[in-house]
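Any read-out appearing in this document is the output of simple, stated calculations on the displayed coordinates, not a laboratory observation. The shown structure was predicted, so the numbers you read here are calculated from the model rather than taken from an experiment. Glycine gets a Cβ as well: all are built from the backbone with ideal geometry, and neighbour counts include every protein chain shown.
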Amino acid sequence: MLELSFLESLVVAIDGGLLVLSLLVQMIIYPAFRYIEKDQFTTYHLGYTKKITRAVAPLMIMQLLLHGFFLVQSPGPIAYLDASFVLMCWGVTGVWAVPAHAKLGWDGISESLISRILSANLIRTILWAAVLLLTLIRF
């Protein structure tokens, strides 16, 4: 039977949690933005971004630290690829998703911005799925 250390179990749980969260955002949360009244959207979006950041930021930070730790502890092709995908998630978030959310906050809702955040999140969802798969292969 496979026995995982505490840190190995933690990184599997975080990777899985980020994937599930990303799937929920992709399939339910972002598409639901279309049904929020335009005059209420800015207030709703401000509250949403504050709350989701409190949930996602600690997970992303822990994921980054844990994958960095495992990369240093046991480097190899899978560890490098895994860490690269985690960094790509940070890049997509910082370069694409955060600016799109800022624009939603300033300009209000538009179909083009919803498409933009859905595209950014789809990339993160694929990357987080790959991260979880590679983590499971490695352990």
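Values computed for the structure shown
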| read-out | value |
| --- | --- |
| Principal-axis tilt of helix 77-92 within the chain, Cα atoms, nearest 10 degrees | 20 degrees |
| FRET efficiency, 1/(1 + (r/R0)^6) with R0 30 Å, evaluated for Y35 and A57 via beta carbons | 0.70 |
| Segment 108-121 - phi-based ³J(HN,Hα) in whole Hz, Karplus 6.51/-1.76/1.60, Gly and Pro as x | x, 6, 8, 4, 5, 6, 5, 4, 5, 6, 5, 5, 4, 5 |
| Extension gain (nm, one decimal) between L136 and K50, 0.36 nm per residue minus Cα-Cα | 27.8 nm |
| Counted charge near L64, where neighbours are those whose Cβ lies closer than 13 Å (Asp, Glu -1; Lys, Arg +1) | -2 |
| Mean ellipticity per residue at 222 nm, deg cm²/dmol - from DSSP H runs of n ≥ 4 across the chain, formula -39500 (n - 2.57) | -27500 deg cm²/dmol |
